[in-house]
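Inspection log for the structure reproduced underneath, given as structure tokens.
The values are calculated or read from the model by the stated rules, or taken from the named source; none is laboratory data. No experiment lies behind these values; they were computed from the predicted model shown. Because the Cβ atoms are built from the backbone with ideal geometry, glycine has one as well, and the counts that use them run over all protein chains shown.
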Amino acid sequence: MRAAGELLITAGLFVALFLVYQLWITDLFQARSQSRLHDRLAASWQTPSAKPPAKPSEPPPALRPDPAVGQGFAVLHIPRLGNDYAPVVVEGVGEPQLEEGPGHYPGTAMPGEIGNFVVSGHRTTYGKPFNRLDELRPGDPIVVEVADRYYVYRMTRSEVVAPNRLDVTDPVPERPGAIAEAAMMTMTTCHPKFSAKSRLIVFANLDKTVMKTPGGAVPFASGEA
Amino acid sequence: MYGWIYRHLPGPTRVRVLLALLLVAVVIALLLFVVFPEVGPWMPLNHVTVGH
């Protein structure tokens with residue numbers, strides 16, 4: 001009887017510790033990964049890879065990032081979620097990648113490209129990058145920073161779908177087989193919070209491209225719409 | 001169980017308490033760094049992608 005009681009108490013402590021681990025300690029792990037990803041990305045962006053444009057008035061053609069799985073290649077800024085919101089997006093949506101940051105579906109479009117730039121992120125664990133995705137409103141800017149420019153997407157709509165709805169990642173979301181003519185972005189996370197029942201999907205369209213300038217700030221960083 | 005472990009720890013009370021704390025720390029570290037990272041991906045709250 002006493003042994004059984006001790007066993008039950010131990011089991012309870014296990015579960016409590018696991019919850020603490022999932023909800024808070026995984027955040028620490030991700031913070032460490034993110035700081036490493038930020039350092040690496042900053043270093044790789046400083047390496048001059050493109051020659052200056054022939055005509056200064058004309059922005060140089062975009063370099064298509066070709067990241068290996070697990071490599072960070074862009075920084076996500078969502079002004080609605082605060083100016084310090086800047087997770088590095090990594091390539092791949094396997095669990096090891098998502099534990100480090102929001103992950104880009106391999107094979108879907110890259111930032112700014114015609115097609116669908118699809119990113120998934122954790123909602124309640126591992127830094128909770130997509131925790132407040134439900135707060136986005138149509139028209140909200142979603143800024144994707146790459147080496148030399150910012151792609152400004154605008155949120156169009158959100159939707160809660162069944163977990164098997166792979167068609168939200170199609171080049172034209174939810175229209176399998178359609179040929180993409182515009183640059184779009186799709187973000188997915190779990191819904192409701194702490195559940196695997198559904199997925200929250202946020203769609204956005206590319207609005208404009210802003211070239212980086214020395215000392216320039218992230219577009220919309222001051223909070224203007 | 002806990003009583004049994006404590007009784008089988010060697011040394012005077014001070015050493016026993018220290019050893020017991022050390023055991024607890026080892027178990028917690030093992031859980032946080034080995035067991036939980038293995039279990040985490042199976043938890044429903046970590047399913048964020050579509051198509052599975």
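To keep it simple, each residue is scored yes or no on (1) surrounded by 10 or more Cβ atoms within 10 Å (Cβ to Cβ); (2) away from chain B (no Cβ under 14 Å); (3) at pLDDT below 95; (4) in contact with a His (Cβ under 9 Å, 6 or more places away or on another chain).
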{"site": "A:Trp24", "(1), (2), (3), (4)": "yes, no, yes, no"}
{"site": "A:Gln34", "(1), (2), (3), (4)": "yes, yes, no, no"}
{"site": "A:His38", "(1), (2), (3), (4)": "yes, yes, no, no"}
{"site": "A:Ser44", "(1), (2), (3), (4)": "yes, yes, yes, no"}
{"site": "A:Lys51", "(1), (2), (3), (4)": "no, yes, yes, no"}
{"site": "A:Pro59", "(1), (2), (3), (4)": "yes, yes, yes, no"}
{"site": "A:Ala62", "(1), (2), (3), (4)": "yes, yes, yes, no"}
{"site": "A:Asp66", "(1), (2), (3), (4)": "no, yes, yes, no"}
{"site": "A:Gly70", "(1), (2), (3), (4)": "yes, yes, yes, no"}
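Which residues, counting only those in region A:102-126, are over 24 Å from A:Pro171 (Cβ atoms) and out of contact with any Phe, Trp or Tyr (no Cβ under 8 Å at 6 or more places or on another chain)?
Residues of region A:102-126 that are over 24 Å from A:Pro171 (Cβ atoms), as a first pass: A:122-126.
Once the filter is applied, which keeps residues that are over 24 Å from A:Pro171 (Cβ atoms) and out of contact with any Phe, Trp or Tyr (no Cβ under 8 Å at 6 or more places or on another chain), region A:102-126 yields only A:Thr125.
May I ask you to list the residues in region A:69-112 that are aromatic (Phe, Trp, Tyr) and within 23 Å of A:Ile25 (Cα to Cα)?
A:Tyr85
Quick one: in region A:89-114, of everything that is away from chain B (no Cβ under 13 Å) and buried (at least 20 other Cβ atoms within 10 Å of the Cβ), which residue is nearest to the chain's Cα centre (by Cα)? Reasoning before the result, please.
The initial filter retains those residues of region A:89-114 that are away from chain B (no Cβ under 13 Å), namely A:89-91, A:109-114.
From what's left, buried (at least 20 other Cβ atoms within 10 Å of the Cβ): A:89-91, A:109-112.
Details: A:Val89: 5, A:Val90: 8, A:Glu91: 10, A:Ala109: 14, A:Met110: 12, A:Pro111: 11, A:Gly112: 14 Å.
Restricting to residues being away from chain B (no Cβ under 13 Å) and buried (at least 20 other Cβ atoms within 10 Å of the Cβ), the top hit is A:Val89.
When you go through (1) buried (at least 16 other Cβ atoms within 10 Å of the Cβ); (2) closer than 28 Å to A:Ala42 by Cα; (3) of a type in the set (Ser, Thr, Tyr) one by one for A:Thr169, which number turns out not to apply?
(2)
Give B:Ala29, B:Ala20 a once-over and let me know the one that is within 24 Å of A:Ile9 (Cα to Cα), surrounded by 12 or more Cβ atoms within 10 Å (Cβ to Cβ) and aliphatic (A, V, I, L, M).
B:Ala20 is the lone residue from the list that is within 24 Å of A:Ile9 (Cα to Cα), surrounded by 12 or more Cβ atoms within 10 Å (Cβ to Cβ) and aliphatic (A, V, I, L, M).
Select from region A:125-154 the residues that are among the aromatic types (Phe, Trp, Tyr), closer than 20 Å to A:Leu98 by Cα and modelled with pLDDT of 95 or more and list them in ascending order. Lay out the reasoning, then the answer.
If we filter region A:125-154 for residues that are among the aromatic types (Phe, Trp, Tyr), which is where we start, we get A:126, A:130, A:150-151, A:153.
Still in the list and also closer than 20 Å to A:Leu98 by Cα: A:126, A:130.
The answer is A:Phe130, and nothing else.
Quick one: in region A:117-136, of everything that is closer than 13 Å to A:Met185 by Cβ and more than 12 Å from chain B (Cβ to nearest Cβ), which residue is surrounded by the fewest Cβ atoms within 10 Å (Cβ to Cβ)?
A:Leu136
Looking at this structure, is A:Ala86 surrounded by fewer than 19 Cβ atoms within 10 Å (Cβ to Cβ), in a loop (DSSP other than H, G, I, E, B) and of a type in the set (A, V, I, L, M)? Please lay out each step first, then the result.
Details: surrounded by fewer than 19 Cβ atoms within 10 Å (Cβ to Cβ): yes; in a loop (DSSP other than H, G, I, E, B): yes; of a type in the set (A, V, I, L, M): yes.
Considered against the rule, which asks whether it is surrounded by fewer than 19 Cβ atoms within 10 Å (Cβ to Cβ), in a loop (DSSP other than H, G, I, E, B) and of a type in the set (A, V, I, L, M), A:Ala86 comes out as yes.
Any idea which of (1) within 27 Å of B:Met43 (Cβ to Cβ); (2) at pLDDT 95 or above is the one A:Pro96 doesn't satisfy?
It is condition (2) that A:Pro96 fails.
Can you find a residue in region A:137-152 that is facing another protein chain (nearest Cβ under 10 Å) and over 16 Å from A:Leu200 (Cα atoms)? Outline the logic, then answer.
Taking region A:137-152 first, the residues facing another protein chain (nearest Cβ under 10 Å) are none.
No, the conditions are met nowhere in region A:137-152.
Is it the case that A:Arg80 is more than 12 Å from A:Val144 (Cβ to Cβ), in a helix (DSSP H, G or I) and not β-branched (Val, Ile, Thr)? Talk me through it step by step, then tell me what you get.
Working: more than 12 Å from A:Val144 (Cβ to Cβ): yes; in a helix (DSSP H, G or I): yes; not β-branched (Val, Ile, Thr): yes.
Against the criterion (more than 12 Å from A:Val144 (Cβ to Cβ), in a helix (DSSP H, G or I) and not β-branched (Val, Ile, Thr)), A:Arg80 qualifies.
Output the residues belonging to region A:162-198 that are small (Gly, Ala, Ser) and within 13 Å of A:Arg123 (Cβ to Cβ).
Let us first name the residues in region A:162-198 that are small (Gly, Ala, Ser), namely A:162, A:177-178, A:180, A:182-183, A:195-196, A:198.
Listed by number, the residues that qualify are A:Ser195, A:Ala196, A:Ser198.
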